[in-house]
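The values are calculated or read from the model by the stated rules, or taken from the named source; none is laboratory data. Worth saying up front: this structure is predicted, and the values here are computed from it rather than measured. Please note: Cβ atoms are built from the backbone with ideal geometry, for glycine as well, and neighbour counts cover all protein chains shown. Heads up: the accessible areas ignore ligands, DNA and RNA and are worked out on the full protein's heavy atoms, side chains in. Shrake-Rupley method; radii C 1.70, N 1.55, O 1.52, S 1.80 Å.
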Amino acid sequence: MMYFRQGKLNINFNFVSYYIMRRLLIKNIKQLVQVREVTAEPIKGKSMDEVPHINDAWLAVEDGIILDYGSMDDFPGITDWKGLEIIEAEDRLVIPSWVDSHTHIVYAGSREGEFADRIRGLTYEEIAQKGGGILNSALKLKDATEEELVESALIRCNEIISQGTGAVEIKSGYGLYPEAELKMLRVIKKLKTLTPLSIKATFLAAHAVPTEYKTNKAKYIDIILNETLPQVAKEGLADFIDVFCEKNYFTPEETIQILEAGKKLGLTPKVHAEQMSNYGGVIAGVKCGAISVDHLEFVEAKEIEALKNSKTIPTILPGAAFFLSLPNPPAREMINAGLALAVASDFNPGSSPSGNMNLMQAICCIQYKMTPNECMNASTINTAFAMGLQNEVGSITIGKKANFFITKKINSLDMIAYSFGSNPVDQVFLNGEKIKTN
Ligand code: NIG
Ligand code: FE
């Protein structure tokens, strides 16, 4: 029998003999990172620079769930070895899997031609005005079958798993028209059955205005609200509803109209806000009670003030700011103002063709002067709050999913951002199962 501490008690777990539980024990962990007894609130302001941890630790998992943990000094006696897998983690850290609360990883084709055009001097907006950008991806997606989309998205899922991600939010938004949006959301639903990732789906028909409705945006919004959205809700295909609030896309008023309609059908709002200009997306999102507002390169003092008086999680997307050479989002100002900042990847073909959350940590440290500890909180527990998964993932907490990775031999957490471009992940565990990553 294995003895594990639960809370402060010593409990003898009597395993029922006819049911063999899947049990895993990781011992001699150099550092068990992001250990939290409770996660009732996102981590805000100054506290973001603290990551609770146990040096020289052990971690026990049972049936896919974190059962207990502790210091090797108080290592429990083991008398029953039946079905117990033991891993020695010497010189390695154990870190809860990244939670990536903003991606668009269902898409067809790629847009490296636009990338080369931008290098030669065109802007993202100029390319979009010529029918490139989101409309280019929508054209490609129209002709792709559900099977093709599942296949290419699965490759991206496996890639991010190998880089340490365990939970991901995935948006529609390259379909735009009802059938194509529904196709994207059905693909996301299928992915939930095909990967061990925890997945949440977001309805984002308000991502761009199709060319034929450019002079009649009201008609396109009418289609979203009266055709696509009701069907999405009826089939239970989305958890969130999102709008790209930006000049030439959707105004703050339209954003509120669309988000409120989604709320009525049970979807929780999110907003793509202040990415290219200070346009009003954050304030619109806060007004609607958005769970998160994302991008934030052009956030000013008034948005920070509005966020301080809300539960909305400000989320920065360093991959997109880096790839599009946008101004840095005011990450330090937001943390110094006491906000709970989150960091996600925005993995998509146009503005962030990478979902590597280790790289996102490096950009935040190097470009935005966030500390490695702040980045760790921002991409685990705070992103978990930004996708409503705070009770399931984002920390080493008894009862949460056993989603974590064992690092290569590294000295400390700081080495994740320091070794930018390297993959610190050695072994991945999702739902307590070791995932084959190559
Ligand atoms: O999050 N900002 C709007 N949407 C995406 C870009 C999508 C694209 O260019 O394909 C983003 O950056
Ligand atoms: Fe996005």
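Mind checking which strands (runs of 3 or more DSSP E) fall wholly inside the stretch 63-116 and carry at least 1 residues that are within 16 Å of ligand 2 (Cβ to nearest atom) and either among the polar types (S, T, N, Q) or in the same structural domain as Leu154 (by TED's automatic domain parsing) (or both)?
Output list reads 98-103.
From the list Gly388, Gly394, which one is on the phi > 0 side of the Ramachandran plot, open to solvent by less than 10 Å² (accessible area, probe 1.4 Å) and under 16 Å from the mean Cα position of the chain (by Cα)? Spell out the reasoning first.
Details: Gly388 fails: open to solvent by less than 10 Å² (accessible area, probe 1.4 Å).
Of the residues listed, the single one that is on the phi > 0 side of the Ramachandran plot, open to solvent by less than 10 Å² (accessible area, probe 1.4 Å) and under 16 Å from the mean Cα position of the chain (by Cα) is Gly394.
Pairs needed: first member in the stretch 125-138, in the same structural domain as Pro210 (by TED's automatic domain parsing); second member anywhere, outside any helix (DSSP H, G or I) and of a type in the set (Phe, Trp, Tyr); C-beta distance under 7 Å; at least 6 residues apart or different chains.
Ile134/Tyr174; Ser137/Tyr107; Ser137/Tyr174; Ala138/Tyr174
Could you please let me know if Asn248 is open to solvent by 10 Å² or more (accessible area, probe 1.4 Å), polar (S, T, N, Q) and within 12 Å of ligand 1 (Cβ to nearest atom)?
Values: open to solvent by 10 Å² or more (accessible area, probe 1.4 Å): yes; polar (S, T, N, Q): yes; within 12 Å of ligand 1 (Cβ to nearest atom): yes.
When the stated conditions are applied, Asn248 passes them.
Does Ser325 satisfy being open to solvent by 50 Å² or more (accessible area, probe 1.4 Å) and within 15 Å of ligand 1 (Cβ to nearest atom)? Full working, then the answer.
Values: open to solvent by 50 Å² or more (accessible area, probe 1.4 Å): yes; within 15 Å of ligand 1 (Cβ to nearest atom): yes.
Here the answer is yes, as Ser325 does meet what is asked.
Would you check if there is a residue in the stretch 298-310 being modelled with pLDDT of 95 or more, within 13 Å of ligand 1 (Cβ to nearest atom), of a type in the set (A, V, I, L, M) and under 22 Å from Ile366 (Cα atoms)?
no
Would you mind stating whether Gln427 is open to solvent by 30 Å² or more (accessible area, probe 1.4 Å), of a type outside the set (Lys, Arg), within 24 Å of Ile26 (Cα to Cα) and part of a strand (DSSP E or B)? Full working, then the answer.
Details: open to solvent by 30 Å² or more (accessible area, probe 1.4 Å): yes; of a type outside the set (Lys, Arg): yes; within 24 Å of Ile26 (Cα to Cα): yes; part of a strand (DSSP E or B): yes.
Answer is yes for this residue.
Taking into account only those residues within the stretch 380-409 that are within 16 Å of ligand 2 (Cβ to nearest atom) and in a helix (DSSP H, G or I), which is nearest to Gly432 (Cα to Cα)? Explain how you work it out, then say what you get.
Looking only at the stretch 380-409, we keep the residues that are within 16 Å of ligand 2 (Cβ to nearest atom), and these are 383, 386-387.
Restricting the remaining residues to those that are in a helix (DSSP H, G or I) gives 383, 386.
Working: Thr383: 21, Ala386: 23 Å.
Here the answer is Thr383.
Go through (1) surrounded by fewer than 15 Cβ atoms within 10 Å (Cβ to Cβ); (2) in a helix (DSSP H, G or I) and name the single condition Ala128 misses.
(1)
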